[in-house]
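Okay, structure first, notes after.
Just so it is clear, none of the values below were taken in a lab; they were calculated from the coordinates. All figures in this text were calculated on a predicted structure; none of them were measured in a lab. Backbone-built Cβ (ideal geometry, glycine too); neighbour counts: all protein chains shown.
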Amino acid sequence: MFRPISVKIRTIAQVLLITWLMTILALLVSIFISTVREIPLDTFTQDPNAKMGAPFYLGLFSNISIIIWSAALTVCFYAASRMVKGVRRLDREFLIVSGLITLMMTLDDLYQVHEFVFPHYFSISENMVYLTYMNIYLIYFIRYRNQLLNSDFIALAIAFFFLGLSTVIDLLPLPIEKDTFLEDAMKLLGAVSWLVYYVRTADELSA
């Protein structure tokens, strides 16, 4: 059914205003930090490779991992938004929390939260951050054990295996020259498996 243009404007106006305000707020925060800390403003906006004069393929698979994490969290949030509120409340909550956890992992991967941000800016050790993450996962597993057991949890178990292996490679001294390729390859496999699991699970729960 064709909707008048006025109806379409009213429908989308509120969403656009909220997203614009959030974007403008983020830009204002960047301007404030730039002024206070005397950091060039384009540090916050320019592409890192362009800023450093690096080749376009620098961090290729790291960027792909971020895209995969982002796809997974989008799937979770979108599927949750399509579910009727009040019906299968715990399933909807499971998808929302899964999206939040995936967002946490996306930000950690993108900004090196556990290995750089917390240790250098907040004096919180990397091991403490790992312990916090493990507690979050434990609570998640206990709270949503029924949803997890009724899903194709093997894919999620494989994802955690690869991500755990990546962490072990990062933390333990290896009898080979330090190289992040193997670590990042395991992380990429973990992210791919993570996406597969949540795409399938979100499809089943929102059907």
Practice prompt. Please give the length that would be gained between S6 and F56 if that part of the chain were fully extended, namely 0.36 nm times their separation in residues minus their C-alpha to C-alpha distance (nm, one decimal).
Written response: 13.6 nm
Worksheet item: Calculated FRET efficiency, L27 and L182, Cβ-Cβ r, R0 30 Å, to nearest 0.05?
Response: 0.20
Item to complete: Report the residue, chosen from K51, K187, K85, that carries the largest GNM mean-square fluctuation when the chain is represented by alpha-carbon nodes joined by springs under 10 Å.
Response: K51
Practice prompt. For the range 54-116, state which chymotrypsin sites (Phe, Trp or Tyr not before Pro) are in a DSSP loop and have at most 12 other beta carbons lying within 10 Å of their beta carbon.
Written response: F56, Y57
Discussion item. Could you work out the relative contact order of the chain? I mean the mean sequence separation of Cα pairs under 8 Å and 6+ apart, divided by the number of residues, in percent.
Written reply: 23
Worksheet item: Based on the alpha-carbon gyration tensor of the range 20-98, what equivalent-ellipsoid semi-axes (square roots of 5 times the eigenvalues) come out, in whole Å, largest first?
Response: 35, 21, 8
Worksheet item: Summing -39500 (n - 2.57) over the DSSP H runs of n ≥ 4 in the chain and dividing by its residue number, what mean residue ellipticity at 222 nm do you reach, to the nearest 500 deg cm²/dmol?
Response: -25500 deg cm²/dmol
Practice prompt. Give the Cα extents of the range 77-116 along the principal axes, in whole Å, largest first.
Written response: 42, 15, 8
Worksheet item: Which label marks the calculated value of Kirkwood radius over Cα pairs in Å, given the options (i) 18.2; (ii) 16.6; (iii) 19.9?
Response: (iii)
Discussion item. Using Stokes-Einstein with the Kirkwood hydrodynamic radius over Cα pairs, what translational diffusion coefficient do you get for the range 1-45 at 25 °C and a viscosity of 0.890 mPa s, in µm²/s rounded to a whole number?
Written reply: 192
Item to complete: Do me a favour and compute the ellipsoid semi-axes for the range 129-207 from its Cα gyration tensor, root of five times each eigenvalue, largest one first, whole Å.
Response: 28, 15, 8
Worksheet item: Nearest 0.05, what FRET efficiency do L171 and E93 give at R0 = 45 Å with Cβ-Cβ as r?
Response: 0.85
